[in-house]
Amino acid sequence: MGILLAITAGIMLGFWAMPEKYIKNYAFENAWGLCYLFMLWVIPFVVAFSMINNFSQVLADVGAPVLLKMLIPGFLWGVGMMLWGKAINYIGMSLGFSIFIGTIIVVGSLLPWGLSGLPELETGGINRAKIITILVGILIIFTGIMLNGRAGILRSAKENTDGEKTYDGSMLTGIIIAIIGGVLCTGFNVALEITHEGEVAKNIISEMVVAQGNAAWLTSVASMFIVYVSGGVFVVPYFVIMLSKKKLWGSFKVPEAGKNISLTGLMAALNFAASIVFAYSSFVLGSEGGSIGYAIFNTLSVVTAVTAGVFAHEWKGAPVKAKSALYLGLAAMIIGVLIIAFL
């Protein structure tokens, strides 16, 4: 059941940006501004307060010092999420997902060493075998990212020659945005691992959630609420400012407005629901949730996004070398993730 839930969560995350392709007559700021408003504030509030008993008291018991410490990395995660949307707009789902998620996996795999120290053996001392295994996996994933970047550049060169584009803007710019966004999105993990008076934030949240008679797995819902809302502190005002600066408020009023709003709501629901399903998957898998579950979740999201991008004709007319680099890069990322998770 845990593995099936992880697979489901990965597929949901892989599809979360797909509805954006069917939004008509909305600028980037209109479409993604609505999406992030729903995803970072509206849906988290509705889900957390409806699923967790006495959630207001839970937040009060967690305390302002812990919440404020989680705010900064959560804020950076929100910036990363916004950049993810920009990357998808620039270079499409296939590259946007693979480079973004690949970067998260690379940085996220090393991040625990900086927060908690190097892996150790049960008998004491540094676990050199585990360190070497993780570094090998990271190197393979990084190779996959480079191959995907090459695939995008080859596609870009062909499209510029033919006078056709399936994306907006510079391919290189989009790749850089995806990498920076992926780095910033590791703020999600930092927020949960931050300590206060010697105790990890997620453990403090868990204690307060259970104290109100809630199931332990709802800790993940509470934690995500804090991170998502913190991310919205940057993203929502950013889009309000950009909509005002570019005078795009009137652009919401188009014949397709109802359909567009529904599609942005669907995007937001898929993203947040994927996080909840993965959280429950980790709860079911227990100690294996952070390794096997995480690997399945991220790998399936990339595979789904790349497949969806291919079916959405993002690679129509791309040269054989570009497609070969894309598939080799994806295969390398999958192999790297599996090495980190299972060996």
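Scanning the stretch 33-46 for any residue that is open to solvent by 10 Å² or more (accessible area, probe 1.4 Å), in a helix (DSSP H, G or I) and free of Cβ contacts under 8 Å to residues at least 24 places away in the same chain turns up at least one such residue. Could you please let me know if Ser220 is open to solvent by 20 Å² or more (accessible area, probe 1.4 Å) and among the hydroxyl-bearing types (Ser, Thr, Tyr)? Yes: the conditions hold for Ser220.
Look through the stretch 316-343, keep the residues that are in a loop (DSSP other than H, G, I, E, B) and at pLDDT 85 or above, and return whichever of them is most open to solvent (accessible area, probe 1.4 Å). Residue satisfying both the conditions and the ranking: Pro319.
Gly232 - would you say it is open to solvent by less than 10 Å² (accessible area, probe 1.4 Å) and assigned to a helix (DSSP H, G or I)? Taking the combined requirement at face value, the residue satisfies it.
Sub-9 Å Cβ pairs linking a first residue in the stretch 149-164 that is at pLDDT below 80 to a second residue that is buried (at least 19 other Cβ atoms within 10 Å of the Cβ) and not aliphatic (A, V, I, L, M), at least 6 apart or interchain, are Ser156/Tyr167; Glu159/Tyr167, ordered by first then second residue.
Can you pull out the residues in the stretch 109-133 that are more than 25 Å from Gly181 (Cα to Cα), open to solvent by 50 Å² or more (accessible area, probe 1.4 Å) and part of a helix (DSSP H, G or I)? Those that are more than 25 Å from Gly181 (Cα to Cα), open to solvent by 50 Å² or more (accessible area, probe 1.4 Å) and part of a helix (DSSP H, G or I): Arg128, Ala129, Lys130, Ile132.
Here Ala269 does not fit the description of being in contact (Cβ under 8 Å) with a residue 24 or more places away in the chain, aliphatic (A, V, I, L, M) and either touching a His at 6+ places or on another chain (Cβ under 7 Å) or open to solvent by less than 20 Å² (accessible area, probe 1.4 Å) (or both). Taken over the stretch 47-58, the criterion of being free of Cβ contacts under 8 Å to residues at least 24 places away in the same chain and either of a type outside the set (Gly, Ala, Ser) or crowded, with 22+ Cβ neighbours inside 10 Å (or both) is satisfied by Phe49 alone.
Whether any residue in the stretch 76-83 is in a loop (DSSP other than H, G, I, E, B) and at negative phi is what I want to check.
Among the residues of the stretch 76-83, not one is in a loop (DSSP other than H, G, I, E, B) and at negative phi, which makes the answer no.
No other residue among Val106, Val79 is surrounded by fewer than 22 Cβ atoms within 10 Å (Cβ to Cβ) and closer than 26 Å to Phe15 by Cβ apart from Val79. Would you check which residues across the stretch 173-215 are more than 17 Å from Gln57 (Cβ to Cβ), open to solvent by less than 50 Å² (accessible area, probe 1.4 Å) and part of a loop (DSSP other than H, G, I, E, B) and list them? Cys185, Thr186, Ile194, listed by residue number.
Restricting Ser206, Ser275 to those that are touching a helix residue (DSSP H, G or I) at 6+ places or on another chain (Cβ under 6 Å), among the polar types (S, T, N, Q) and more than 30 Å from Ile91 (Cα to Cα) reduces the list to Ser206.
Cβ-Cβ contacts under 7 Å between residues 6 or more apart (or on different chains), taken from a first residue in the stretch 80-109 that is closer than 19 Å to Tyr36 by Cβ and of a type in the set (S, T, N, Q) to a second residue that is part of a helix (DSSP H, G or I) and open to solvent by 10 Å² or more (accessible area, probe 1.4 Å), are listed as Asn89/Phe28.
The values are calculated or read from the model by the stated rules, or taken from the named source; none is laboratory data. On a predicted model such as this, the values are computed, not experimentally measured, just so you know. When we count neighbours, we look across all protein chains shown, and the Cβ atoms used for this are built from the backbone with ideal geometry, even at glycine. Heads up: the accessible areas ignore ligands, DNA and RNA and are worked out on the full protein's heavy atoms, side chains in. Shrake-Rupley method; radii C 1.70, N 1.55, O 1.52, S 1.80 Å.
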